[in-house]
Amino acid sequence: MGFLSNVHRYREAGEEANANNVERFGMPVKSLFTSTKLLSLHHHIDITDANENIVYQSESRILSLRDRTDVTDRRGELVAHVERKILSLHERHYVTMADGREFELTNELLHVINDITNIVGLGWQLRGNILGLNFELYDSNGDIIALISQKMLSLHDKYCIDIYKPEYEKEVVVILITLQHMMRDRANSSSAGSSSSSSSG
């Protein structure tokens, strides 16, 4: 069980913070949780607090090559708009916050186990472990901003976010939603490649 909690660190709302995360970074200031609605034509994601109250939502436009996504708060006010750059080898997504600030997520290539995504415009970096489905978000000084963990084998594509710098909560939420889209695109691409290989064989 200790090995699993070290490699895979997802937890549900109401459960204690992962012991390994607490040992490395201390107790998070705040935690949020996400769940993707099944059978949704608009790829709808709910982001809830520890009491399972919805605090943010995201919705993507159906059949959009640019994967256009709007993130809103509990009042329905826009937090950010996200778009994918088409024909990019770096899984690049552009983010425009409601206050006009812009940044982009671009994935570094040639990493086998660890995944590195640069947050260009903020100077942040998202470092992930695709085996354990854990991601760490660092600022330009190398200080931890948030920890993100994905639930294994979940039909609802669930994530837990432990936030250490609550002043960046909105940016963290938008980065998480963009990460979910990047992971989904990667899974779809792998499935398409496997199907193509099988049919050609």
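The values are calculated or read from the model by the stated rules, or taken from the named source; none is laboratory data. Nothing here was measured: the structure is a model prediction, and the numbers come from that model. Cβ atoms come from the backbone with ideal geometry, glycine included; neighbour counts cover every protein chain shown. The area values use the complete protein model at the heavy-atom level, side chains included, leaving out ligands, DNA and RNA. Shrake-Rupley method; radii C 1.70, N 1.55, O 1.52, S 1.80 Å.
Please enumerate the residues belonging to region 138-153 that are over 10 Å from the mean Cα position of the chain (by Cα) and either closer than 21 Å to TYR94 by Cα or not aliphatic (A, V, I, L, M) (or both).
Answer for region 138-153, where residues must be over 10 Å from the mean Cα position of the chain (by Cα) and either closer than 21 Å to TYR94 by Cα or not aliphatic (A, V, I, L, M) (or both): TYR138, ASP139, SER140, ASN141, GLY142, ASP143, ILE145, ALA146, LYS151.
Any residue that is under 13 Å from the mean Cα position of the chain (by Cα), farther than 19 Å from ILE47 by Cβ and either modelled with pLDDT under 95 or surrounded by 12 or more Cβ atoms within 10 Å (Cβ to Cβ) (or both) - is there at least one of those in region 154-171?
No, region 154-171 contains no residue that is under 13 Å from the mean Cα position of the chain (by Cα), farther than 19 Å from ILE47 by Cβ and either modelled with pLDDT under 95 or surrounded by 12 or more Cβ atoms within 10 Å (Cβ to Cβ) (or both).
Quick one: ASN134 ticks every box in (1) modelled with pLDDT under 90; (2) open to solvent by 30 Å² or more (accessible area, probe 1.4 Å) except a single one, so which number is it?
Going through the list (1) modelled with pLDDT under 90; (2) open to solvent by 30 Å² or more (accessible area, probe 1.4 Å), ASN134 breaks only (2).
What number goes with the only condition from (1) open to solvent by 20 Å² or more (accessible area, probe 1.4 Å); (2) modelled with pLDDT under 90; (3) within 16 Å of the chain's Cα centre (by Cα); (4) farther than 27 Å from GLY142 by Cβ that ASP46 does not pass?
In the conditions (1) open to solvent by 20 Å² or more (accessible area, probe 1.4 Å); (2) modelled with pLDDT under 90; (3) within 16 Å of the chain's Cα centre (by Cα); (4) farther than 27 Å from GLY142 by Cβ, ASP46 misses (2) alone.
Looking at region 22-35, I want the residues that are closer than 14 Å to ILE161 by Cβ and in a helix (DSSP H, G or I) and have a partner that is hydrophobic (A, V, I, L, M, F, W, C) and open to solvent by less than 50 Å² (accessible area, probe 1.4 Å) with Cβ atoms under 9 Å, at least 6 apart or on another chain. Which pairs are those?
Filtered contacts from region 22-35: PHE25/ILE144; PHE25/LEU147.
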